[in-house]
1. Can you pull out every residue in the stretch 1-47 that is outside any loop (DSSP other than H, G, I, E, B), in contact with a helix residue (DSSP H, G or I) (Cβ under 6 Å, 6 or more places away or on another chain) and at pLDDT 95 or above?
2. Which residues, taken from the stretch 258-296, are surrounded by 21 or more Cβ atoms within 10 Å (Cβ to Cβ), assigned to a helix (DSSP H, G or I) and among the aliphatic types (A, V, I, L, M)?
3. Of everything in the stretch 73-102 that's hydrophobic (A, V, I, L, M, F, W, C) and part of a loop (DSSP other than H, G, I, E, B), which residue is nearest to Leu155 (Cα to Cα)?
4. Is one or more of the residues making up the stretch 95-115 out of contact with any helix residue (DSSP H, G or I) (no Cβ under 8 Å at 6 or more places or on another chain) and closer than 20 Å to Leu52 by Cβ?
5. Six or more apart or on different chains, Cβ atoms under 8 Å: show the pairs whose first residue is in the stretch 176-202 and acidic (Asp, Glu) and whose second is part of a loop (DSSP other than H, G, I, E, B).
6. Taking the stretch 160-193 only, how many residues are closer than 24 Å to Ile251 by Cα and among the hydroxyl-bearing types (Ser, Thr, Tyr)?
7. Mind telling me which of the residues Ile266, Ile279, Ile251 ends up being closer than 21 Å to Val60 by Cβ and either out of contact with any Leu (no Cβ under 8 Å at 6 or more places or on another chain) or among the hydroxyl-bearing types (Ser, Thr, Tyr) (or both)?
8. Please work out which residue is surrounded by the fewest Cβ atoms within 10 Å (Cβ to Cβ), limiting yourself to the stretch 193-229 and to residues that are modelled with pLDDT of 95 or more and in a loop (DSSP other than H, G, I, E, B).
Amino acid sequence: MTAETITAAAAGTWTLGDLTVNRVGFGAMRLTGSAAFHHGTPSDRDRSIAVLRTAVELGVDHIDTAAFYFSTLRSANELINTALAPYGDDLVIATKVGPFRDYAGEWGTAARPDQLRAHVEENLRQLGRDHLDLVYLRRMRQDSIAEHFGALAELREAGLIRHLGVSDVGLTHLEEARAIAPVVAVQNRYGLGGTAPENDALLRACGQLGIAFVPFYAIAGKGGELGPKGDATDAEVRAVAEAHDATPAQIRIAWTLRRGPHVLAIPGTGNPDHLRENIAAGALRLTDTELARLDAAHTEA
């Protein structure tokens, strides 16, 4: 089976509230440029649109984005709108609010609770929708997220948001949010050999609660967005990749998916070949021995 024939359905499904999605989705951050948060070279517009359309053709029905994903020339939300509207009924688009970037791309202070409605409405406008399927509150170092999450819960009651999630949080923040409104997903940085130990506990807790755990930077490893630089974990990943005639990125995605049936992958790329490889990773089946080797590397990293 070649990568071109494998669809996102190969990884199985998970339900976000009442929305069933394939466990391999797509992260839109890298669509707009070559660097993290897009201070690098802007992307090719036609290529980015083609990647989005190909993703949907290959079964991706869960796209993760944000209004603050933009470069000097590109907006992820606008690309999604152009490529995919009118949206299919089975397409779930998740977005994040809380962080603020001005039009020059500079980060400002975190939004106040009373400013979150404007963030939600900006996503609605850019995406061309009358409601958002899933909105994450991205914590910006606050000790408590209750007031911010409460503001989003009110927007959910008003019909602007269907489901709520939290991002960059710990267990106490998740408990705080769940006391206010249902939480269907948690999005934290997580990857093989590149995660804070407390995120392993959070991942397990989400599984027990029936909440999706959605890692970002799952391919990056310990070395950052562009990947590890020859550390011990990377050596193990490369050895397993050679055994499967796969790429290291595919092995990292496959390992991530094996962390639990509630774990969703949202690898992002602006490269159509990498897109197909990422989706095909959902069909990789690691052996118990390979999984044990990778688990050990993850624990020791």
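1. Those that are outside any loop (DSSP other than H, G, I, E, B), in contact with a helix residue (DSSP H, G or I) (Cβ under 6 Å, 6 or more places away or on another chain) and at pLDDT 95 or above: Ala8, Ala10, Ala11, Asn22, Val24, Phe26.
2. Within the stretch 258-296, Leu275, Ile279, Ala280, Ala281, Leu294 meet the criteria.
3. Going through the qualifying residues, I end up with Phe100.
4. yes
5. Short answer, once both residue conditions are applied: Glu176/Ser144; Glu176/Ile145; Glu198/Gly170.
6. Of the residues in the stretch 160-193, 1 are closer than 24 Å to Ile251 by Cα and among the hydroxyl-bearing types (Ser, Thr, Tyr).
7. Answer to the check: Ile266.
8. Here the residue is Gly210.
The values are calculated or read from the model by the stated rules, or taken from the named source; none is laboratory data. These numbers come from a predicted model, not from an experiment. In this analysis, Cβ positions are derived from the backbone assuming ideal geometry, glycine residues included, and neighbour counts consider all displayed protein chains.
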